[in-house]
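Below is one structure, written out as structure tokens; comments come after it.
Laboratory data are not the source of any read-out in this text; all were calculated from the coordinates shown. Please read all numbers here as calculations on a predicted model, not as lab measurements. FYI the Cβ positions are ideal-geometry reconstructions off the backbone, even for glycines, and counts take in every protein chain you see.
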Amino acid sequence: MISAGVDIGSISAKAAIIQDQNILGTHVILTGYNARNAGEQVFNELLMRLSIGPEGIQRIVATGYGRNSVTFAHKAVTEITCHAAGAHYLQPETKSIIDIGGQDSKAIVIDSQGKVKDFAMNDKCAAGTGRFLEVMARALEVDLDAFGHLSLTADNAAVISSLCTVFAESEVISLISKGEKRANIIAGIHESIAARVIAMGNRIGLQAPVMMTGGVAKNIGVVKALEKKLKTGIMVSENAQVNGAIGAALIAATL
Amino acid sequence: MSSTVQEKDPFKEKRKIKAVQKMKEIMTAYYIEAKTPTQQTGKKIAWITSGGPVEPLIVMDVIPVYPENYGAMIGASKMGVDLCEKAEEMGYARDLCSYARADIASATINGGPIGGLPKPDMLICCNNICGTVMKWYEVQARYFNVPLFILDTPICHREYSKEIKAYVEQQILEYIRFLETVCGKPFDYDRMQEVGALSIRGQRLWQDILDTTLHKPAPMTCFDAFFFLALIVTLRGKQEVVDYYEMLLAEMKARIAAGIGMLPNEKYRLLWDNLPIWYKTRWLSEKFAAHDASLVADTYTSGWCSSLQYVDENNFLGSLAESYTRIFLNTGTDEMAKRIIEMADKYQVNGLVLHSNRSCKPYSLGQYDIQRIVQEQRGLPTLMIEADMVDERNFSESQIETRIDAFIEMLK
């Protein structure tokens with residue numbers, strides 16, 4: 001059985017293809033304006049790379065914000081359930097997941113079978129999400145990929161108290177004008193994200209071992225800030241960004 | 001993924017509640033009378049808060065008008081954002097209750113679906129539902145330059161103390177004197193007993209209607225209750241409420257006998273907490289229905305019969321203080337959680353859906369604790385939806401859709 005998962009997020013579209021519990025390949029593109037096209041494109045490009053024809057895929061599950069626009073999928077499942085399935089597959093001991101994507105952050109508690117026990121999502125606001133980091137990177141004129149490592153060189157993290165992206169940006173700008181070091185500001189941004197998502201997690205009883213998923217897991221600064229606040233290590237798979245798509249493909253295999 | 005049916009589905013037609021039409025007629029007649037100039041009806045108009053003691057007004061032949069009911073109508077007609085923005089232009093904060101904003105704005109421009117409420121001759125404000133109503137009614141008392149009566153009902157966190165009892169009972173006497181002064185006629189205590197008896201019958205019938213959902217499948221959902229509620233709120237104490245609810249109850253019983261549920265395939269039974277999201281009731285009802293999830297009960301509509309146990313049939317006026325002070329919203333978080341657990345057990349639900357309402361602070365404040373208590377004591381899954389009852393700017397459809405979908409996946 002070969003199955004596929006397609007995860008259409010607000011910033012990037014991801015696809016994963018698995019065969020008998022083994023990942024054959026994954027792929028990420030920018031979602032852009034048209035979620036429907038993005039779904040087809042990310043799926044077709046992955047098929048091409050793996051030299052599989054569309055008829056070779058028996059089952060497809062779509063997930064993410066654009067899940068209902070993937071017309072070729074057999075079923076739409078939310079990213080919450082898919083991240084749970086993906087994390088359980090990547091690290092079966094996982095009890096909680098922190099998923100930070102482009103436009104939302106989530107805390108998910110799962111049982112020993114990878115089933116969702118409870119979850120919490122951010123309010124309708126970009127604070128503490130990938131989009132928030134993009135805005136901050138622009139204000140600081142730092143490449144987003146360099147953000148994580150730069151923050152690790154901070155000697156004293158600045159305090160960012162605003163929960164709103166726009167207000168936090170003004171706070172960052174005022175810190176810049178006060179001459180605060182870039183690294184310290186970035187570390188402060190990461191700590192504010194960590195504080196926000198942990199508060200959400202604690203509400204639903206977040207417990208270790210914790211895995212971080214979603215695109216923001218690529219930012220080592222956020223991971224370290226979370227670890228510092230949680231006082232425990234966090235598992236980050238190299239497949240963190242495509243974890244939702246992997247979970248979708250795993251669920252597709254059970255259809 | 002759309003769940004709307006294009007052609008008339010005979011099964012869907014069969015599931016429609018027939019009493020809906022009659023209810024629309026009653027509400028229309030009510031608003032026509034209320035909007036008829038006082039010179040023609042000879043009746044004064046009182047604006048009153050939704051949890052206020054309305055029965056003495058009926059005794060005095062005063063027409064009660066509910067800005068909150070109108071707020072719900074404004075929300076359901078999707079006119080809330082315009083009116084809220086208008087209130088914000090007037091200088092009111094966006095954090096203020098959207099019923100208050102909609103009403104304050106609507107009064108100045110005769111806004112909303114029926115072109116504004118009739119001008120009040122007096123205002124009756126009972127703070128058993130929230131503290132906002134006091135300032136809101138003070139604003140309106142200044143705007144219309146009419147007398148305002150405030151009934152202050154202290155929160156009964158766990159009990160109704162003798163100090164609270166004495167304090168509120170004294171105010172009930174003042175309320176009667178206030179009405180006698182404004183209406184210029186003596187209060188008819190015998191009629192109070194009659195109106196009280198009708199109010200009690202109306203409330204009991206309302207409870208019986210809500211309890212028809214004990215049956216599986218439920219003949220109606222809370223989305224229907226949100227609609228049928230208007231009568232017990234606005235016309236409590238009148239014969240027509242009793243007559244109508246008897247008819248509605250008979251229809252519900254007939255549906256049960258015929259095996260007609262509101263959902264063709266009721267798989268999950270859920271409990272709703274907090275006010276409806278008026279501009280999205282249809283969307284939410286279809287969304288849950290598409291998952292075979294029936295919202296069989298709610299803490300909101302049951303609020304208009306939840307203090308029946310404190311009403312004394314033989315001395316209605318004497319028990320007014322207690323029955324209006326000990327309503328669900330005027331108790332502490334422990335009591336609310338207890339009541340929610342009782343309802344969860346009674347209606348045999350699989351989960352709890354909490355609307356964290358940006359407008360209604362007293363309703364939303366303890367919800368995280370209630371969520372935790374329910375999970376600890378019953379292990380029931382809970383879903384939190386952040387929104388607002390009238391201000392659509394506080395509703396994010398795709399976010400909420402994801403939460404509902406994930407919640408149902410969790411129930412499976």
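Which whole number of Å³ per residue matches the convex hull of the alpha-carbon atoms in the range A:52-115?
109 Å³
Do the sum for chain B: with -39,500 (n - 2.57) for every DSSP H run of n ≥ 4, divided by all residues, what is the mean residue ellipticity at 222 nm, to the nearest 500 deg cm²/dmol?
My calculation for chain B gives -16500 deg cm²/dmol from helical runs alone.
Mind running the shape call on the range B:240-374? Use the C-alpha gyration tensor, a ≥ b ≥ c as the square roots of the eigenvalues: rounded below 1.5 for a/c, prolate if a/b tops b/c, oblate otherwise.
Taking the square roots of the gyration eigenvalues as a ≥ b ≥ c, the range B:240-374 is oblate.
What order, most packed first, do the peptides B:243-251, A:85-93, A:185-193, A:163-171 have when packing is the mean number of other Cβ atoms within 10 Å of each residue?
Output ranking for B:243-251, A:85-93, A:185-193, A:163-171: A:185-193, A:85-93, B:243-251, A:163-171.
Checking the table B:Lys14/B:Lys338; B:Lys185/B:Lys361; B:Lys16/B:Lys216; B:Lys16/B:Lys361; A:Lys229/B:Lys338 against a 29 Å threshold on Cα-Cα, which pairs fail?
Over 29 Å apart, Cα to Cα: B:Lys14/B:Lys338; B:Lys185/B:Lys361; B:Lys16/B:Lys361; A:Lys229/B:Lys338.
Whole Å is fine, so just give me how far the alpha carbon centre of the range B:142-190 lies from that of the range A:1-73.
Computed from Cα coordinates, the inter-centre distance equals 65 Å.
Under the definition of partner shielding as Cβ atoms of other protein chains within 10 Å of a residue Cβ, what is the mean value for peptide B:392-405?
Average per residue, whole number: 4.
Hey, what does the equivalent ellipsoid look like for chain A, semi-axes from the Cα gyration tensor as sqrt of 5 times each eigenvalue, largest first, whole Å?
Semi-axes, largest first: 33, 20, 15 Å.
Which pairs break 31 Å Cα to Cα here: A:Lys14/B:Lys78; B:Lys86/B:Lys119; B:Lys44/B:Lys135; A:Lys75/B:Lys78?
Violating the 31 Å limit, Cα to Cα: A:Lys14/B:Lys78; A:Lys75/B:Lys78.
When only alpha-carbon atoms are used, what values of Rg and Dmax, in angstrom, describe the range A:141-255?
For the range A:141-255, the Cα-based Rg and Dmax read 16.0, 57 Å.
Size of the range A:28-70 along its principal axes in angstrom, Cα-based, largest extent first?
27, 19, 13
Would you kindly give the portion of the calculated P(r) for the protein assembly as shown that falls above 44 Å, as a percent of all Cα pairs?
Percent of Cα pairs beyond 44 Å in the protein assembly as shown: 31.
What percent do you get for the relative contact order of chain B when only Cα pairs under 8 Å and 6+ apart count?
19 percent
Specify the inter-centroid distance of the range A:79-112 and the range B:339-366, based on alpha-carbon positions, in whole Å.
Cα centroid to Cα centroid, the span is 27 Å.
Hey, what do the phi angles of the range A:220-236 turn into as Karplus ³J(HN,Hα) couplings, whole Hz, using 6.51/-1.76/1.60 and θ = phi - 60°, x for Gly and Pro?
Karplus values, whole Hz, x for Gly and Pro: 4, x, 5, 4, 5, 5, 5, 4, 4, 6, 7, 6, 7, x, 10, 7, 10.
Convert each backbone phi in the range A:10-17 into a coupling constant with the Karplus relation 6.51 cos²θ - 1.76 cosθ + 1.60 (shift: θ = phi - 60°), then list the ³J(HN,Hα) values in order as whole Hz, x for Gly and Pro.
Once θ is set to phi - 60°, the couplings for the range A:10-17 become 6, 10, 10, 10, 10, 9, 9, 10 Hz.
Could you tell me the ratio Rg/Rh of the range B:19-411? Both radii from Cα atoms, Rh via Kirkwood.
0.95
Taking H placed 1.01 Å from N in the peptide plane, check which residues at least 5 places from A:Ala13 or on another chain put their amide H under 5 Å from its amide H.
A:Ile29, A:Leu30, A:Thr31
Once each part is reduced to its C-alpha centroid, what is the distance from the range B:40-54 to the range A:187-226 in angstrom?
54 Å
Kindly write out, for the range B:212-222 in residue order, the coupling ³J(HN,Hα) from the Karplus curve 6.51 cos²θ - 1.76 cosθ + 1.60 (θ = phi - 60°), rounded to whole Hz, with x marking Gly and Pro.
Calculated HN-Hα couplings, in order: 5, 6, 4, 6, 10, x, 5, x, 8, 10, 5 Hz.
If you take each beta carbon of peptide A:95-104 and count the beta carbons of other chains within 10 angstrom, what is the mean?
Partner Cβ neighbours, averaged per residue: 1.
Classify the range B:98-199 as rounded, prolate or oblate from the Cα gyration tensor: take a ≥ b ≥ c as the square roots of its eigenvalues, call it rounded if a/c is under 1.5, otherwise prolate when a/b beats b/c and oblate if not.
Oblate, since a/c reaches 1.5 and b/c is not below a/b.
Would you kindly compute the Cα radius of gyration of the range B:106-160 and its largest Cα-Cα separation (Dmax), both in Å?
According to the Cα coordinates of the range B:106-160, Rg and Dmax are 13.8, 43 Å.
Over the range B:67-185, what is the relative contact order in whole percent, taking alpha-carbon pairs under 8 Å and six or more residues apart?
19 percent
What percent does the relative contact order of the range B:335-381 come to when contacts are Cα pairs within less than 8 Å and at least six residues apart?
46 percent
Place the peptides A:20-33, B:286-299 in order of packing, highest mean first, counting for every residue the other Cβ atoms within 10 Å and averaging per peptide.
Highest to lowest by the protection proxy: B:286-299, A:20-33.
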